[in-house]
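These notes concern the structure reproduced below.
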Amino acid sequence: MMNKSPQRRLSLFASGLGSVVGACSLAIALATPATAAEGVPVRQGQKVAAADGTLCSVGYVEASRAWTSAHCGLNGEQMYNEAGQHVGTLRWFKPSGAAGHDLAYIQFAGGTYSAGNPLTGDGMAPVPGEGAAVCFDGQATSRQCGTAVRGPGLFPGMNYAVDVSLAPGDSGGAVSVPGQPGVVGIYQGITQTNREGRTVIFSNYARMPHADELARLPHQGWVPRRPNREPGNPIRVAQEKGEALSSTSSAGPEGLRGLAMYFGLSI
């Protein structure tokens, strides 16, 4: 077999090296968008859903979690964005869930990141006094503003406003004071009562956690990423509900109370 000359071997090596470098460059070029696509942003005001399709709003976003309503899912339930991408795990702020404060946070999964609070700006502030203007931002309606009032006082930590018209899916949305950055609460729903012979509809909102309460939250950091949501897959829904039921019931009597409230029962 004829040996190739040194010049010929060098030429072939350079050609092969060029092919390898070109292939690596192509691989990097192809990998970069895919790597970027792995990150899942969470933004204030966007839709979030449980595996069964229960839809809510994101009210406030921090570096590793987002705040919404406890009745949007069970404690420990997985949450997804509108595209079905897994964003994290729902954690009730209190073991009693909606029965105690109706406030929850989504602990982000690895790769989920904050896209900020464009509707209100950053910050958590105390609830305003009676007569102050308050505005609600949910994913189903545009901004609605009303007046803070003294309401029925059904649960500790719950506050009220009137003259606000919101829709299903707005639960978990931000409540803020006009002209003041940050949020004062998370929208929960409505309470209808009769006062002096007339029907009054209150818009309820849960106060934000105090600094010491944030410091004591049991779940910090990022949770494992799950596969994307599979609409119409009853096995997947049952599996995730089962995991969350186990997590919720393990919280003792207060967890069982929250579980009952989630299913529309009062104990």
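Return one number: the angle in degrees, 0 to 90 and rounded to the nearest 10, between the long axis of the Cα atoms of helix 253-262 and the longest principal axis of the Cα atoms of the chain.
90 degrees
Among DSSP bridges having both ends in the chain, what percentage is antiparallel? Round to the nearest 5.
Beta bridges within the chain, antiparallel portion: roughly 90 percent.
Where a ≥ b ≥ c are the square roots of the eigenvalues of the C-alpha gyration tensor, would you call the stretch 174-232 rounded, which needs a/c under 1.5, or, failing that, prolate if a/b is larger than b/c, or oblate?
In terms of gyration-tensor shape, oblate.
Report, as a whole number in µm² per second, the diffusion coefficient that Stokes-Einstein gives for the stretch 133-208 at 10 °C and 1.306 mPa s using the Kirkwood radius over alpha carbon pairs.
In µm²/s, the coefficient rounds to 129.
Ignoring everything except DSSP H segments at least 4 long, calculate the 222 nm mean residue ellipticity for the chain; use -39,500 (n - 2.57) per segment, divide by total residues, nearest 500.
Dividing the helical sum by the residues of the chain leaves -8000 deg cm²/dmol.
Packing-wise, with mean Cβ within 10 Å as the measure, how do 61-74, 212-225 rank, highest first?
61-74, 212-225
In debye to the nearest 20, how big a dipole does the chain give about its Cα centre with +1 on each Lys and Arg Cβ and -1 on each Asp and Glu Cβ?
Computed about the Cα centre, the dipole is about 900 debye.
Once amide H atoms are built 1.01 Å from N in the peptide plane, which residues 5 or more positions from Val184, or in another chain, come under 5 Å H to H?
Those qualifying (amide H under 5 Å, at least 5 residues apart or on another chain) are Ala125, Val175, Ser176, Val177.
Which translational diffusion coefficient, to the nearest whole µm²/s, is obtained for the stretch 99-140 from the Stokes-Einstein equation, given a Kirkwood hydrodynamic radius over C-alpha pairs, 10 °C and 1.306 mPa s?
Value of D from the Cα-based Kirkwood radius: 114 µm²/s.
How fast does the chain diffuse by Stokes-Einstein, in µm²/s, taking the Kirkwood radius from C-alpha pairs at 10 °C and 1.306 mPa s?
78 µm²/s
Rule-based calculations on the coordinates, nothing more; no lab input. This one's a predicted model, so the numbers in the text were calculated from it and none came from an experiment. Every residue, glycine among them, receives a Cβ derived from its backbone with ideal geometry; neighbour counts consider all protein chains shown.
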